[in-house]
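The next block holds one structure in the form of structure tokens; read it before the comments.
The values are calculated or read from the model by the stated rules, or taken from the named source; none is laboratory data. Source: prediction; values computed, not measured. Cβ placement follows ideal geometry from the backbone for every residue including glycine, while neighbour counts extend to all protein chains displayed. Heavy atoms of the whole protein, side chains included, go into the accessibility calculation; ligands, DNA and RNA do not. Shrake-Rupley method; radii C 1.70, N 1.55, O 1.52, S 1.80 Å.
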Amino acid sequence: MGDADREDSIGRRRLPSAAVVVAGLAFLGVVAGGLFWLFQDELSHPFGDARACEGSDSTLTGKISLGGVPIPADATDVHYTTQDGFAEVSFLSDQMPDYLHRAGLVPEGEPLFDENYGSAYAWGEDGHEMPDGLCGPALKGPVWSYHGTGPGTGVSILIERTPAGTTLRAPARVIASFDFGE
């Protein structure tokens, strides 16, 4: 066998080896891409929590509580931001009248729009930008504001009401602000 034949034979053996290496690298790329896609929520959100907005410095683990009272069980589209022991949480719920009573923001039996417990908040009907750092959909005006001042109720809530302003939207989007401590 001559030198030319030997080189030709070696070249033919390298071609399948190169194809195997290229196929292996392609397979690894597909696997890595699939894993990234599978875990993208955990990789792209702070603390691996899809509810946490970018820039949050602490996680709100488990069921989020405002002033010691868990947010309504039907809460959906939950988002939060945290900064230096202060949190802002946005969510959507049909159970806000009950929640406002449970949280002590409006005493049981009192109307939700009693100005002793809340007030109209200047928020346009076409919506408004979210507070700095809070992600998710914006509130739609008009909005009512509640401020808890009693023990365990150090929370402020902005909540959507109907355009007539006599009832809460159903479901209503809420932005709650509170100290959660470190």
Checklist entry - Limited to segment 50-93, what total is found for residues that are part of a loop (DSSP other than H, G, I, E, B) and among the hydroxyl-bearing types (Ser, Thr, Tyr)? => result 4
Checklist entry - When residues of segment 70-101 are filtered for being open to solvent by 20 Å² or more (accessible area, probe 1.4 Å) and not hydroxyl-bearing (Ser, Thr, Tyr), how many remain? => result 17
Checklist entry - Picking from Gly141, Gly67, Gly104, Gly118, which residue would you name as being free of Cβ contacts under 8 Å to residues at least 24 places away in the same chain and open to solvent by less than 70 Å² (accessible area, probe 1.4 Å)? => result Gly141
Checklist entry - Scanning segment 162-182 for residues that are under 24 Å from Thr81 (Cβ atoms) and loosely packed, with under 12 Cβ neighbours inside 10 Å, which turns out modelled with the lowest pLDDT? => result Glu182
Item to check | Hits in segment 121-138 (condition: part of a loop (DSSP other than H, G, I, E, B), open to solvent by 50 Å² or more (accessible area, probe 1.4 Å) and modelled with pLDDT under 90) | outcome: Ala122, Glu125, Asp126, His128, Glu129, Asp132
